[in-house]
Amino acid sequence: MDYQFREIEQKWQKHWAQNQTFKAEKDTTKPKFYVLDMFPYPSGAGLHVGHPLGYIASDIFARYKRLKGFNVLHPMGYDSFGLPAEQYAIQTGQHPALTTETNINTYRTQLDKIGFSFDWSREVRTSDAGYYKWTQWIFMQLFNSWYNLETDRAEDITTLIEKFNASGSADVRAVCDEEVKSFMPSDWATMTDEERQEELLKYRLTYLRESTVNWCAALGTVLANDEVKDGYSERGGHPVEQKKMMQWSMRISAYAERLLQGLNTIDWPEPVKEMQRNWIGKSVGASVRFKIDNADADRVLSADYIEVFTTRVDTIFGVSYLVLAPEHELVTALTTPAQLEAVNGYIAQTKKKSELDRMADIKTVSGAFTGSYVINPVSGERVQLWIADYVLAGYGTGAVMGVPSGDQRDWLFATHFGLQIVQILDGQKDIEVQADATKEGLYINSGFINGMTYAEATATLNAWLEEQGVGKAKVNYRMRDAIFGRQRYWGEPIPVYFKDGLPYLVKEEELPLVLPEIDKYLPTETGEPPLGRAEDWSYDDQYEYELSTMPGWAGSSWYWYRYMDAQNSSDFASKDAIAYWKDVDLYIGGAEHATGHLLYSRFWNKFLKDLGYVQEEEPFKKLINQGMIQGRSNFVYRVVDEEGRGTNTLVSQGLKKEYKTSALHVDVNIVENEVLNIEKFKLFRPEFAAAEFILENGKYICGVEVEKMSKSKFNVVNPDVLIENYGADTLRMYEMFLGPLEQSKPWNTNGIEGVFKFLRKFWRLFHNDQWVFNVEDDIPAKAELKALHKIIKKVQDDIDRFSFNTSVSSFMIAVNELTDLKCKNRQVLEDLVIVLSSYAPHICEELWSLLGNEAGSLSFAKYPVFNPEYMVEDEFSYPVSVNGKTRLNLNLSLSLEAAEIEAAVLSNEDVQKYLEGKAPKKVIVVKGRIVNIVI
RNA sequence: GCUCAGAUGGUGGAACUGGUAGACACGCAGGACUUAAAAUCCUGUGACCUUAAAAGUCGUGCGGGUUCGAUUCCCGCUCUGAGUACCA
């Protein structure tokens with residue numbers, strides 16, 4: 001029979017499902033290998049052809065690893081909490097759980113058709129109570145922990161309490177809030193329970209605190225920094241404003257240094273690591289206190305100094321002014337009556353500007369003098385104190401020292417306001433024109449560091465500042481603690497209730513705290529989150545539960561552990577399972593998660609490791625980002641009359657210049673190689689049923705543009721349609737054939753025929769002209785073995801560097817070669833089936849069983865061993881080039897040594913022709929590669 | 001502005017360590033089969049020049065360099081895409 005892909009694919013998909021072929025079990029006789037895909041959010045639109053790209057690659061990898069004798073864990077699940085289902089619920093009243101369920105079923109149907117080797121018995125859904133029970137449990141562990149800087153790890157909160165009991169707050173070195181109390185053990189002993197809880201909350205790794213949040217009114221929720229892009233929400237593009245709110249936060253900043261260092265130990269794409277480094281934003285410098293000059297002022301201040309952070313403490317003698325952020329808490333107190341008007345005016349002006357304007361308006365220098373002065377601690381000089389919006393309240397101390405000669409921004413500021421510019425290094429050039437940030441040369445005009453180099457000066461100053469108690473070397477991180485609460489319904493309830501305004505955890509045995517039913521999915525009339533609508537939403541019938549739910553990234557920050565032991569009801573995963581599967585060996589997903597999911601997951605992983613629940617410091621050893629598949633839209637051109645009205649005439653792309661036209665999107669599924677199928681077009685656009693078509697060469701050629709893949713642009717290609725027409729094996733191979741996995745590219749179905757033809761040709765290798773299965777048990781010919789072993793090697797080399805497209809080409813070459821050789825040899829063909837099976841598993845299973853093997857055993861067959869002996873050649877066709885230009889090829893024995901090759905080449909008649917009687921200056925012979933003659 | 005990735009035929013792309021640029025596939029052209037079409041199969045297909053054939057010249061974004069030899073290494077530039085943005 002001819003290649004009947006529909007029957008074959010259905011048959012084997014059913015076989016795999018019924019026999020649970022890909023169910024992973026612990027097996028200590030084999031090395032483990034964990035291949036993970038970033039699990040999808042099940043959206044209502046279903047899968048388009050871009051989604052499975054990464055899944056196909058990881059599936060090929062997983063299947064290959066099984067053939068190589070690994071015990072492979074390859075699961076799939078759904079990140080099923082999220083905003084779209086909730087937005088849909090608000091519009092329709094449909095419970096998000098129902099929408100989600102429907103969408104998941106659609107996804108599953110689509111995924112099943114592609115022939116993935118997922119172990120579905122381990123499926124997880126983050127919105128299942130059985131799953132989010134453990135998300136809540138991890139939240140509780142975070143609440144019950146603090147970060148001890150002495151041991152450099154998270155510890156149970158009881159070790160902190162012990163320290164407070166024993167020696168008060170003095171010995172505690174922790175990552176905590178700024179405004180913690182200093183107290184003696186006796187103070188701790190006399191504190192009320194509420195006072196103690198209030199203090200402990202400042203240390204917990206998840207904590208409640210009033211913080212400035214990104215409030216998105218349109219979505220009715222706060223957003224994390226990585227969910228805000230240029231002042232608008234990433235999802236939906238709604239405006240986001242800064243607002244102060246009581247919020248749950250995660251003390252991820254405690255892990256800043258470990259998150260940074262860990263990047264050096266993992267095999268991830270450099271751009272992703274770089275983004276995480278930028279996000280963490282480590283800067284090494286010093287904090288310095290500038291005393292406020294209160295000599296002629298009589299005022300009460302909450303502090304008598306201004307603290308600044310600088311990465312160039314060596315330039316401190318060049319300070320000509322200090323700047324505070326307009327929001328800095330001391331601004332009001334430090335503004336003199338004379339400057340009050342100017343300062344208030346400036347603050348008002350700053351407030352009006354949106355975040356976006358402030359960023360767009362980098363060039364305009366602005367600021368206001370407060371009228372106050374501070375004293376430079378190293379020189380004793382009196383310098384002006386300004387406010388300006390280029391200083392951000394949220395970074396460092398919200399105060400900056402201005403060194404115009406060394407910093408361009410400071411230089412512009414000083415020039416604009418007529419402040420002093422002092423040269424501090426003899427290596428600085430042209431500081432009248434612009435700042436020079438060099439570290440070269442020796443210091444001048446710099447008191448006790450005059451004559452020193454950069455390194456000497458920095459060390460000297462750090463030591464001096466510390467000794468004087470006015471500063472010290474300091475490391476600063478840009479990364480802020482992550483807000484961990486959303487004023488939304490469709491998320492994990494936070495397992496907390498409030499008693500006298502203080503948060504307490506529910507008991508562990510009371511988990512999961514199940515999401516309650518509510519009447520509608522909107523905030524309450526009083527502006528509380530949707531959970532405020534739930535009846536009896538209180539603990540012990542008296543204490544109100546937390547009304548926020550967890551953010552989208554909560555469930556995805558640990559899910560790879562749940563797959564290790566998905567059914568466990570007494571632990572998030574058993575110690576045993578974690579000890580066996582350990583970590584993810586290969587993780588494939590989109591680059592858009594670089595600073596969100598991938599950073600939070602590393603954070604939770606490190607935390608779980610500190611508490612001894614997991615073993616590895618990093619969860620994902622190897623990461624691959626698959627490229628984005630863009631849409632490729634097709635257009636028809638409608639002729640427009642004088643008044644600009646559309647006519648009923650459509651002109652082919654090549655002729656449109658001769659007419660006035662308007663472009664209309666046309667469904668890409670009725671266009672083949674840019675040629676419009678006119679009959680189908682008339683059905684697609686009934687208003688054009690009677691249209692006239694101006695053709696070129698008898699065809700209607702469509703225009704092309706690359707855009708986002710979306711329904712409204714009629715450029716969505718659904719994998720189901722391709723599978724229906726060509727089969728899953730063709731789809732799998734074609735997606736890989738498109739180009740390098742990591743490269744973004746527009747989807748183009750042109751060319752899928754080539755892959756389909758390849759599979760037919762492959763099928764035909766095993767059949768005679770009448771499509772009767774026919775292989776022979778003869779002795780394989782040398783050429784056949786060579787073709788086979790070439791592909792055996794190629795596939796294993798390619799997979800190590802994630803180059804799937806080149807393997808597909810090589811399969812085509814191998815099948816072309818074996819077809820030309822009329823190969824019918826069982827041994828050769830059987831090995832070829834194994835090699836191809838990770839790419840095209842269905843057709844290979846069918847042929848495998850036709851070859852007489854046990855049905856379904858192909859998945860665990862042994863990958864053939866490459867034998868280099870079959871590659872050995874006696875002869876090689878040497879390209880002979882003259883002055884670097886290839887002129888001819890010469891067949892020579894590979895046993896010849898360089899000198900013999902040279903002699904053979906030079907004596908050749910055709911070569912003589914190029915020599916024109918001259919003796920060559922030089923002859924380069926690379927054995928088995930090339931001969932180059934220099935004349 | 002900064003960081004990163006990239007630029008190869010009509011198209012997607014290959015060339016892994018500096019060694020025959022354009023593998024493989026699409027498209028296109030011609031042919032076979034067919035009453036015809038589809039499907040299938042065969043042949044050709046970087047550009048230029050010339051041709052009966054052969055030969056020749058140019059050619060991997062642009063300009064230089066290193067080398068016997070550069071798509072590959074180095075320097076400078078242009079363009080495209082992604083990320084990031086007053087971070088002190």
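See the values below:
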{"read-out": "Within segment A:503-520, backbone nitrogen closer than 11 Å to the virtual label 7 Å beyond the Cα of A:ASP193 toward Cβ", "value": "none"}
{"read-out": "For segment A:549-566, 3J(HN,Hα) per residue [Karplus equation, 6.51 cos²θ - 1.76 cosθ + 1.60, θ = phi - 60°, Hz, x = Gly/Pro]", "value": "10, 7, x, x, 7, 4, x, 8, 7, 8, 4, 4, 6, 5, 4, 5, 7, 5"}
{"read-out": "Rg(Cα)/(2.2 N^0.38 Å) for segment A:71-149, N = residue count", "value": "1.43"}
{"read-out": "Cα centre as origin, Lys/Arg/Asp/Glu Cβ charges: chain A dipole, Debye", "value": "2440 debye"}
{"read-out": "Sites A:LYS472 and A:VAL704, calculated FRET efficiency, Cβ-Cβ separation with R0 56 Å, nearest 0.05", "value": "0.35"}
{"read-out": "At 1.002 mPa s and 20 °C, Stokes D of segment A:413-511 from Kirkwood alpha-carbon radius, µm² per second", "value": "110 µm²/s"}
{"read-out": "Kirkwood-based shape ratio for segment A:629-715, expressed as Rg/Rh from alpha carbons", "value": "0.95"}
{"read-out": "Rough spin-label spacing in nm, given labels placed 7 Å along Cα→Cβ, for A:SER809 and A:ASN445", "value": "6.2 nm"}
{"read-out": "Translational D in µm²/s for segment A:800-935 (Stokes-Einstein at 4 °C, 1.567 mPa s, Kirkwood Rh from C-alpha pairs)", "value": "69 µm²/s"}
{"read-out": "Structure-based [θ]222 nm, chain A - -39500 (n - 2.57) summed over DSSP H runs of at least 4, per residue, nearest 500", "value": "-10000 deg cm²/dmol"}
{"read-out": "Two-site label geometry, A:SER211 and A:GLU101: point separation in nm, points 7 Å out along Cα→Cβ", "value": "3.6 nm"}
{"read-out": "Stretch gain in nm, segment A:GLU742-A:ARG480, where the contour uses 0.36 nm per residue and the Cα spacing is subtracted", "value": "91.3 nm"}
{"read-out": "Gain upon complete extension [A:GLU544, A:SER895; 0.36 nm per residue less C-alpha separation]", "value": "117.7 nm"}
{"read-out": "Two-site FRET efficiency, A:GLN94 against A:LYS243, from Cβ-Cβ distance with R₀ of 30 Å, rounded to 0.05", "value": "0.50"}
{"read-out": "Relative packing of peptides A:256-263, A:398-405 - highest average C-beta neighbours within 10 Å first", "value": "A:398-405, A:256-263"}
{"read-out": "Descending Cα extents along the principal axes, segment A:758-825, whole Å", "value": "40, 25, 16"}
{"read-out": "A:LEU655 versus A:ALA855: modelled label distance in nm, points set 7 Å from Cα along the beta carbon direction", "value": "5.7 nm"}
{"read-out": "Among A:THR526, A:TRP16, A:GLN384 - extreme Cα towards positive end, dipole of chain A, charges at beta-carbon", "value": "A:TRP16"}
{"read-out": "Residue-by-residue Karplus 3J(HN,Hα) for segment A:797-802, coefficients 6.51, -1.76, 1.60, Hz, glycine and proline x", "value": "5, 5, 5, 5, 10, 6"}
{"read-out": "Beta bridge orientation in segment A:282-477: antiparallel %, DSSP, nearest 5", "value": "85 percent"}
{"read-out": "In Å, descending, principal axis extents of the Cα set of segment A:282-477", "value": "45, 37, 32"}
{"read-out": "Fraction of antiparallel bridges per DSSP, chain A only, in percent to nearest 5", "value": "80 percent"}
{"read-out": "Dipole magnitude of segment A:542-628 about its Cα centre (Cβ charges: Lys, Arg +1; Asp, Glu -1), debye to nearest 20", "value": "240 debye"}
{"read-out": "Order by protection proxy (mean Cβ within 10 Å, highest first), peptides A:515-528, A:686-699, A:807-820", "value": "A:807-820, A:515-528, A:686-699"}
{"read-out": "Convex hull of Cα atoms in segment A:269-353, direction-averaged projection (nm²)", "value": "8.6 nm²"}
{"read-out": "Computed lengthening from A:ASN19 to A:THR526, 0.36 nm per intervening residue step minus Cα-Cα distance", "value": "177.0 nm"}
{"read-out": "Debye intensity ratio in log₁₀ form over the Cα atoms of chain A, taken at each q of 0.04, 0.08, 0.10 Å⁻¹", "value": "-0.28, -1.01, -1.26"}
{"read-out": "Segment A:751-867: radius of gyration over Cα atoms, expressed as a fraction of 2.2 N^0.38 Å", "value": "0.99"}
{"read-out": "Average projected area [Cα convex hull, segment A:499-559], square nanometres", "value": "5.5 nm²"}
{"read-out": "Karplus-derived HN-Hα couplings along segment A:708-716 (A = 6.51, B = -1.76, C = 1.60, θ = phi - 60°), whole Hz, x at Gly and Pro", "value": "5, 7, 7, 3, 5, 9, 6, 10, 7"}
{"read-out": "Relative contact order computed over segment A:382-467 (Cα-Cα under 8 Å; 6+ residues apart), in percent", "value": "18 percent"}
{"read-out": "Normalised contact order of chain A, rounded percent, pairs of Cα under 8 Å and 6 or more residues apart", "value": "13 percent"}
{"read-out": "FRET efficiency, 1/(1 + (r/R0)^6) with R0 30 Å, evaluated for A:THR265 and A:ARG108 via beta carbons", "value": "0.25"}
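Quick note: the coordinates plus some simple rules give every number you see, no bench work behind them. Note that the coordinates shown come from a computational prediction; the quantities given were computed from them, not determined experimentally. All Cβ positions, glycine included, derive from the backbone under ideal geometry; neighbour counts span all protein chains shown.
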